[in-house]
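Each value in this text was obtained by applying a stated rule to the coordinates, not by laboratory testing. Computed from a predicted model, the values in this text were never measured in an experiment. FYI the Cβ positions are ideal-geometry reconstructions off the backbone, even for glycines, and counts take in every protein chain you see.
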Amino acid sequence: MKFQPDTLPGVNVISHHGPEGVRINGTAWARSVVVPAQGEVQAWSPLAFEALAPEHFTQLLADGPEVVIFGSGPRLRFPAPALLRGLIEQRVGVETMDNAAACRTYNVLAAEGRRVLVVLLLDGST
């Protein structure tokens, strides 16, 4: 039996995730990436957890998300609350997960038509 994901037209879909990176709409990404439910998938500049800065998160407001999922890499790591202050002040929900959980959660919320955005921290070293 063949399974097809339930997706809305124009919704970005993450079809694969692993140590080597992710595949979004058939395109492989090995470096950090911003994936809005709809619109252009873009590179995200931080390549390491230690390099995160508040402006990396506030730039995500341009896409108008109601929820931001932060994929912290292969393991769960929580960013300092000060880094997320810009999102929180704008009443944007923020969830932190490892990349595998972030990809799965993003796909479910995007398929439901939610204004979700996922940022995945990928170092591009594999």
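Which pairs have Cβ atoms under 8 Å, sit 6 or more apart or on different chains, and link a residue in region 16-45 that is within 17 Å of VAL67 (Cα to Cα) to one that is among the small types (Gly, Ala, Ser) and surrounded by fewer than 20 Cβ atoms within 10 Å (Cβ to Cβ)?
VAL33/ALA43; VAL34/ALA43; ALA37/GLY113; GLN38/GLY10
Could you tell me whether GLY113 is small (Gly, Ala, Ser) and either surrounded by 16 or more Cβ atoms within 10 Å (Cβ to Cβ) or in contact with a strand residue (DSSP E or B) (Cβ under 6 Å, 6 or more places away or on another chain) (or both)?
no
With a cut-off of at least 3 residues that are surrounded by 11 or more Cβ atoms within 10 Å (Cβ to Cβ), name the strands (runs of 3 or more DSSP E) lying wholly within region 1-92. Can you show your working first?
Numbers: elements: 14-18, 21-24, 27-29, 31-36, 67-71.
Qualifying strands (runs of 3 or more DSSP E): 14-18, 21-24, 31-36, 67-71.
Does PRO46 satisfy the criteria of being out of contact with any Phe, Trp or Tyr (no Cβ under 8 Å at 6 or more places or on another chain) and more than 13 Å from LEU122 (Cβ to Cβ)?
Against the criterion (out of contact with any Phe, Trp or Tyr (no Cβ under 8 Å at 6 or more places or on another chain) and more than 13 Å from LEU122 (Cβ to Cβ)), PRO46 does not qualify.
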